[in-house]
Each structure stands twice: as structure tokens, then as C-alpha cells.
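Engineer: Take this structure first; my questions come after.
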Amino acid sequence: MTDLLRVLRTQHQDILSALGQHLSISLISLLIAAVIAIPLAIYLRRYRRVAGVVLQITGVMQTIPSLALLGFLIPFVGIGTLPAIIALVVYAVMPIFQNTYTGFTTIDPSLEEAASAFGLSRFHRLTRIELPLAMPLIVSGLRIAMVMIIGTATLAALIGAGGLGTYILLGIQNNDNSLLLIGAILSAVLALIFSALIQWLGKLSFRKIIYIFAAILVLFAGWGAYAVISRPAPTITIAGKLGSEPEILINMYKDLIQQDHPRQKVVLKRNFGTTTFLYKALKAGQIDIYPEFTGTVMESLVKVKNYGHDPQKIYRQGKTLLKQQDNLDYLSPMHYQNGYALVVSKAFAKKYHLKTIDDLKAVQNKVKAGFDLDFYQQKDGYPGVRKAYNLKFGKVSSMQSSLRYKAIASGEVNLVDGYTTDPQIQKYHLVALKDNRKFFPPYQGAPLVRNKTLKQHPGLKRSLNKLKGKITDKDMQKMNYQVTFQHQKAATVARNYLIKHGLLVK
């Protein structure tokens, strides 16, 4: 509860912003889905075969994994709000269409006949008899769609659209229940509020519903027009993956660029979920820069095997291959490496004088290890370490990555895998053992930039290369700790580092 209150106190503005983003994405998606599904269902109520085909198509669309759909949309419509809304509309159309169609096709035919006998036109039959009778099912479809939209909209954070999903994803990644609760509780509250509002809407007359619906459409149309008119001048868009470290780096990039070019507009897109999404967005020109690590470049982007362990050689090879493959420029790397590490408790290290991975050999039968599922299986993880150092630990368990640090802090295990800049190392007073045989591949971070962006902004490369050889493992670990556990703003932490090391004028 203390952590939760501290997050609410220090990040209330960001939380309100995320809530507003989630709300706007959800409402716009519901309105678009309703505009598509309700008229279509009304039109097809007399064409049952066609309606059956449409139902099957919308049903199939709902089975498409949301992450796959978002990844597919990026090259066509970019990143941010638009692909998120498209994906949400795809998922929301089916329940609205199905319920609306069912509502109309289950009306007693004798009522239709009576209306015709009284001489009512088609329009009047629709507005005075059919719609009021079908309204309970239409409202039910809207409620189902809204709850589905609010839940699925949490994934919008993965493509830079923001929303409450940012807090849920960060909470899972950092094993931070306070962030997780903020995202989950606010999402649930939103779903309950809008479910109640839609239920109340269903009790109003058809005319009042039309008036309210039209007013909302006008409001959003005006908002959209204002956003287009007030859109800033051409910008440099910098994105980062999920977590505190990428957010710190992209804020450093922004500060360095704007110090040298004060009039340059820079937009930050933080907390993208995966390398794949970011790389697609970079190639498509939806973003201009993002920080990437040499190991990831070799493993995932240019897909080179057996690339060795020489940091400089790996960087040069990755830089050359990225240029040849996608005409991207990989600028100078920083000093620190966010690579794998074997981490032990401070008491265990002190008792057995452990400083390097080689030192574990003397106490390997006393080791109780807890490894992330991937590290436990992959060749550059535990299997490779065991072979390279000739180790055989007494007990090895696999577990979710978010649990392993809590396991070592509670004494359930005394060794885990981690990354050299993890803030949990500082929080739980752990020791990262030195990889004295240099088994783990290098993971140096550097800006990955579109060649076109560098040509449009000639001074950009010089600004970003000020970080060349800067930031130690301890520096980054400390900054990650300040953001993750002390809940300081990443922008503030980044700026303080740059000022302290003479890279930024105060």
C-alpha cells in the first residue's frame, strides 16, 4: 500500500494522462464499430444468407491474435493511436453486429404485419417498432464490445498509443504490484462505469439516443480537426522499448538534440513492447531513432550466428549489415553493456569469496539456482555457461523472470540470472559475478537511426555521438533504480546525468 500511494503521489499526472488516452481510444473504437455494425445488421436483417457470411467473417476476425494484428498494421498505418483503434474496431464489430442482427430477426412477425396494416412506412416501422424492441439486445452488444475494447486496449501501449496498459506491462516486467494494480484497477473501473452508462442509455427513447450519439460524434470530429490544425512542425520521433532504461536513453537523446538544435521538435514514444514492432516502425519511417543493443542486432535483426565475443568487432559487423540490409545507421555505442549476468546474494558471495563465475566451481554443490525459462534453455544461457565453465549446480529451478529476484531476496535460491544493469541488484543488495571467460555476448547500446533522418538533420549524428563511450554499468543500474523503485521521472534522471557529466548545460 505504501508503494501504491507513493506511485499515485509521484506519477498522478502521468496516470491521468494514461487514463485519458485509454478512454479516448476506447470511446472512438466503440463509436466506429457501432457506426459500422448497427447499420449493417439492420440492412442485412432481410438477407439472412449474407448476414450469416458476415457473422462468420467477423467471428474469424476475432480469432486473430491482437499482437499479430498490431504487428501487421504497423507497415501500413504506422504506430500510435490509429493501428490501435483499427485493431479494437475489428474485435468490437462482431458482438455489436451479432446482437443487433439477433434483436431484429427475433421480433414477432405479427407485429410487423400489424404495422404494415396500419400503413406505417419502412422508416417508421424501423424507428417506432423494430428499434425499440431490438434495443435491449443492441445495448447488450455494445456493453460486451466496450468491456472487450477496454481490456484489449491495454495492448495499445505496445505500439506507442499509451493508455493504462503501460502500467500493467511495466508492473509485470518489474514485478511491481503497485503499477500492476493501478493499470488493472483503473481498467476495471472504466469498464464498470461505461457498462453502467450504456445500460442507462438503453432506457432512453430512440430520439434521445440519436441526439446523444450525434453530439458525441460532433465532439470527436471537432477534437480531431483541432488536432490536425494544431499539429506541430516536422519532428524527430524517438522511441524506446518497455522499461526504465530505454526511457532514460530516449530522454537523453532528446536533451542532446535540443541543446544543439533548440528549435527542433522532438517527440518521444516510450514503452514499446517488442523489438519487432520498433524495427518495423523504424523501417517504415514511423519513427526516426531508437536505442538498440549489439547482441539483439546480431541475434534478431541481421540474424548472424557464431559472431564471437569481441564488442568492437560485433558492433562494426552489426553496423555494416544493418546498412546493407535496410539502409539504417548504427551510431557509436555507449560504454555499458546490458548483457546477461549470474547474480548471487551478498551473503553467499561474502561467505565463499565469490567474485567471478569461475569461483562458483568450488561451491557448485551448494548452489540453489533459479533461472528465467529462456535462460534455462537457450544455448547462450545456462546450458552454455555450464559447458564453458564446467559447472554443475546442486539444484536448478526454472521460473518466471519477474519472480526470480524475489526468490533470491527471500532466500529460496542463492543464484539467479539477470542483466548487468538491473535495478534489483541494487535494491536487494546482490552481486553480479564477473564473466571472466567472456562467455556472454556483448550487449552495447547505441542509437539506431534512419539514414534519411540523418540526411535531413545534418547535426543529429554529432549530438547523439556525445554519448559514445559514456555511462558505466553502475551508472545505468543506479539510474534504473531511481526510476523503477524511487519512482523518479525518467526525464529528470536522464537530465541530471547529462548535467553531472558535462554533456548538457544546466
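What follows draws every value from the coordinates through simple rules; no lab data is involved. Every value quoted in this text rests on a predicted model; they were computed, and no experiment measured them. So basically every Cβ, Gly included, is an ideal-geometry build from the backbone, and we count neighbours across all protein chains shown.
Engineer: In what sequence do E113, E247 fall when counting other Cβ within 10 Å, fewest first?
Structural biologist: E113, E247
Engineer: Let me ask something else. With r as the distance between the Cβ atoms of K455 and K395 and R0 = 56 Å, compute the FRET efficiency 1/(1 + (r/R0)^6) and round to 0.05.
Structural biologist: My answer for the efficiency is 0.50.
Engineer: Here is a further query. Provide the per-residue ³J(HN,Hα) series for segment 185-202, in order, calculated from phi with Karplus coefficients 6.51, -1.76, 1.60 and θ = phi - 60°, each as a whole number of Hz, with x at glycine and proline positions.
Structural biologist: 5, 5, 5, 5, 5, 4, 4, 5, 4, 6, 5, 5, 5, 5, 5, 5, 4, x
Engineer: Determine, from the Cβ-Cβ distance of N177 and K379 and an R0 of 30 Å, the FRET efficiency 1/(1 + (r/R0)^6), rounded to the nearest 0.05.
Structural biologist: Plugging the Cβ-Cβ distance into 1/(1 + (r/R0)^6) gives 0.35.
Engineer: Report relative contact order for segment 261-362 in percent, whole number only (criteria: Cα-Cα under 8 Å, sequence separation at least 6).
Structural biologist: Averaging sequence separation for qualifying contacts and normalising by length gives 13 percent for segment 261-362.
Engineer: Within a 10 angstrom radius of the beta carbon, how do I425, I172 rank from fewest other beta carbons to most?
Structural biologist: Final ranking by Cβ density, sparse to dense: I172, I425.
Engineer: Moving on. Work out how much length Q62 to Q324 would gain on full extension: take 0.36 nm times their residue separation and subtract the Cα-Cα distance, in nm to one decimal.
Structural biologist: Roughly 90.5 nm would be gained on extension.
Engineer: May I ask what percent, to the nearest 5, of DSSP beta bridges between residues of the chain are antiparallel?
Structural biologist: Percent antiparallel among DSSP bridges in the chain is about 55.
Engineer: Check which residues have an amide H placed less than 5 Å from V367's amide H, if you skip close sequence neighbours.
Structural biologist: G394, K395
Engineer: Right, next: Among L5, L433, which comes first, second and so on when ranked by fewest other beta-carbon atoms within 10 Å?
Structural biologist: Ascending Cβ contact count within 10 Å gives the list L5, L433.
Engineer: Set the Förster distance to 45 Å, then compute FRET efficiency between R48 and H12 from the Cβ-Cβ distance, nearest 0.05.
Structural biologist: In this case the efficiency is close to 0.30.
Engineer: In nanometres, what is the gap between the two model label sites at K351 and S110, each 7 Å from Cα along Cα-to-Cβ?
Structural biologist: 8.4
Engineer: Another question about this same structure. Using only the Cα atoms of segment 340-432, what are the Rg and Dmax in Å?
Structural biologist: 11.8, 31
Engineer: Of G141, A157, L131, which is farthest on the positive side of the dipole of segment 2-229, counting Cα position, with +1 on Lys and Arg Cβ, -1 on Asp and Glu Cβ, and the Cα centre as origin?
Structural biologist: L131
Engineer: Additional query: How large is ³J(HN,Hα) for each residue in segment 50-55, as worked out from phi by the Karplus curve 6.51 cos²θ - 1.76 cosθ + 1.60 (θ = phi - 60°), to whole Hz, x for Gly and Pro?
Structural biologist: Whole-Hz 3J(HN,Hα) from phi for segment 50-55: 5, 4, x, 5, 4, 4.
Engineer: Compute the long axis of helix 490-500 from its Cα atoms, compare it with the longest principal axis of the Cα atoms of the chain, and write down the angle in degrees, 0 to 90, nearest 10.
Structural biologist: 30
Engineer: Additional query: Residues in segment 284-322 near a label at H501, defined as backbone nitrogen under 17 Å from the 7 Å Cα→Cβ point?
Structural biologist: The answer is 291-294.
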